[in-house]
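Derivation of every value follows stated rules applied to the coordinates shown; laboratory data play no part. These numbers were taken from a predicted model, which means no experiment stands behind them. With ideal geometry, Cβ positions are generated from the backbone for all residues, glycine too; neighbour counts draw on all protein chains shown.
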C-alpha cells in the first residue's frame, strides 16, 4: 500500500510546497514572512503495538519518532505575529487550501479514499482471521502468566507501573510474548496479505492513484524550485 | 505511557487541519505510518467478504538437532580498572623533583607501609588512607591526624599509644618505620623545634606530609612508575596504581538484566578466548544514549580475574548467562503453526504435506526446540509459514 501514500520525504515536499503558496499569499497582502523551515518527524507503524525488541528496549511502548530531513534549513522560532498577520495567515491558509495537492497519508481521520477503505477492510478481516485470533489468544495468555494486564479489553497496549524502567520492561515482555506466539510481525503480515488481496480487485483504480501521487509530488517539486529550493534537496 | 509521550504520539497521529499548515511548515510533523488511531477506529469499519489471500511461494527448512539454549547474551567490553595517581611534591629547599630510586616496578603489588620510591633524595612512603594528610606534624602537635597516625604506626607493629599528641613514643615509632625503609626520619628545623632540643637525649622527629603518598583502598598494583633519574613534570606524578581489577561491562536492557544478578555464572567470549566468571555488580536503571547506540537499562559488571589471558582493555566481548540446554530436535520458529492453540508442523513428503502435532520446549533466537516425537527425524523438511 505504501506506493499509494506519500512517503515521509514526499509528505515533507508537498507540505512545504503548500506552505510556500500560503506565505506567497501572506506577502501579497503586505506582510513580511520571517525565515522558516526545518526537519519533519514520522512515527513507526504501531497498529498492533511494538514490533521490535530494539525499539522496545529503547522506547518502551512509545512509537519511534524518526526525523525526516526538511527541504529548508532549520530556523529559529518565528517571532510572535501581530493579530492582523495572524488573521491574514488564517485567511490565506483557507484560500490556498491544499492548492490541489491531495493529502495521501495513511491514518487520516475520516479519509474515505480507496486506500483507506482497503486498509480498514484489511484490519477488520485480519481481526476475524483464525490465525490472528490464535495469535492474540496465545499472546494474552503469555502476558497473563507474566502478570501483565491489557490497558483495556481488545487493546494492544499494556498497563505498566509508570516509571520508564517499568514501561520498558513491560514492552520487552510484550515482545517476548509476541515472539512466543509466532512473532511480533505476524499480525502486520496478516494485514498486509489482506491488503494485497484487495488490491488485486482494485488495481486499475490504484494505478490511477499512484499516478495522481506521482503527479502531485512532481508539482510540489516544481513549486519548490520556483521558490528557490535547490534540486539537491528535492 | 507518560503524558508528554502520549501528547507527542497523539499529535503525530492526528490529521493536520489546514489552518495548521503555516506552523506545520515549520514543524512539518508527519502523520506518517502510525496506526494507533486506525487500530481504534477500524473495528467499526464495514467488512467485506474475505477475499482470497495472495499466493505464497512455499518454502521449507530442514529439521536439525541442536541446542536451543535459554541463554541471554550481552555485548560488552573489557573496562580497565580504576587507577590512582600518586604525586610527589617538593619539600622546602628542593629545586626540582628527580627520581633517585624506586622500590617497586610496574606490575608490583603495593600495600601501605611500603616504600614506593625515592624522590630528590627523600622517601615516598605508602601511608594508609585513614590518616588525613594536610600538614606537617611537629613534636607536641595534636589532632585527629596525629591520632590516626598513631593507630597506623601501632598497626604496623611499632609500639605507640593512641594519645592524639605527637609525643616521644610516636616519634620513635615513626623513626622506626623510616629506619625499616632505609632512611632517617626528618627532624624539625630549629624554628620548628618545640622546647630545648639540646636538653634531650635524642633529637625530635617530625612528620613531613610530603614524604607520604596514599592509595585508595591501601593496596594496588603498580601500573606505571617513573624510572630512576626521571625528572618529574610539574604535576609531580611519580606512579599510577591500579586499585581495581579490569572487568567486563555490558549494558543489559531491563529484562536481560534479570538474568544477570550478582553472583550469576557468566561465560565471556572474545574471539576464540572463553572465560567462565561471574557477575560482581549490577547498576541501577540508567538512561540510554542514542548517540552511543546505548539502550536504557543496567550496566552489568563481570569479574576479569587478574592474570586472565586474551582480554585487552577496550576489547569487545560477549557475556552469556543461563544454562546451556542439551541438544534436541529443532526447527525455525516460523515453521511452527498453531491450530486452536496446539502447535504443529507441516512435513513435506512426496504428496500433500503431513501434519504433525509437536511440543515446543524452548524458543530462542528464531529457533524452536521440539520434544522427540514419532514421525519427526533430523533431515525432514518442514514447511515455513
Inset, instruction - Report the relative contact order of chain A, percent, no decimals, based on alpha-carbon pairs under 8 angstrom and at least 6 residues apart. - result: 32
Legend entry - Theoretical ellipticity at 222 nm over chain A - DSSP helices of four or more residues, -39500 (n - 2.57) apiece, nearest 500: -18500 deg cm²/dmol
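Kirkwood-based Rg over Rh for chain A (C-alpha set), two decimals?
In chain A, Rg relative to Rh is 1.06.
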Legend entry - Virtual spin-label span in nm between residue B:179 and residue A:218, 7 Å along Cα→Cβ: 10.3
Legend entry - Label-point separation, residue B:278 to residue A:39 (7 Å along Cα→Cβ), nm: 4.6
Legend entry - residue B:352/residue A:163 FRET efficiency (R0 56 Å; Cβ-Cβ; nearest 0.05): 0.60
Legend entry - Gaussian network model of chain A, Cα within-10 Å springs - most flexible of A:156, A:51, A:139: A:156
Inset, instruction - Considering Cα pairs under 8 angstrom that are at least six residues apart, work out the relative contact order of the range B:162-306 and quote it in whole percent. - result: 17
Legend entry - Acute angle (nearest 10 degrees) that the helix A:130-145 long axis makes with the longest principal axis of chain A, alpha-carbon atoms: 70
Inset, instruction - May I ask what percent, to the nearest 5, of DSSP beta bridges between residues of the protein assembly as shown are antiparallel? - result: 95
Inset, instruction - Above 19 angstrom, tally the Cα pairs of the range B:210-320 and express them as a % of all pairs, no decimals. - result: 58
Legend entry - Mean Cα-pair separation over length for the range A:1-79, i.e. relative contact order, pairs under 8 Å, 6 or more apart, %: 39
Legend entry - 0 to 90° range, to nearest 10: angle between helix A:164-180 axis and chain A longest Cα axis: 60
Inset, instruction - Could you calculate the FRET efficiency of residue B:293 with residue B:162 from 1/(1 + (r/R0)^6), where r is the beta carbon distance between them and R0 is 56 Å, rounded to 0.05? - result: 0.50
Inset, instruction - Would you mind classifying the protein assembly as shown by shape? Square roots of the alpha carbon gyration tensor eigenvalues, ordered a ≥ b ≥ c; an a/c under 1.5 is rounded, otherwise it is prolate if a/b is larger than b/c and oblate if not. - result: oblate
Legend entry - Point-to-point label distance, residue A:27-residue B:316, nm (Cα→Cβ direction, 7 Å offset): 5.0
Legend entry - Mean Cβ neighbour count within 10 Å, used as a protection proxy, ranking B:301-313, A:159-171 highest first: A:159-171, B:301-313
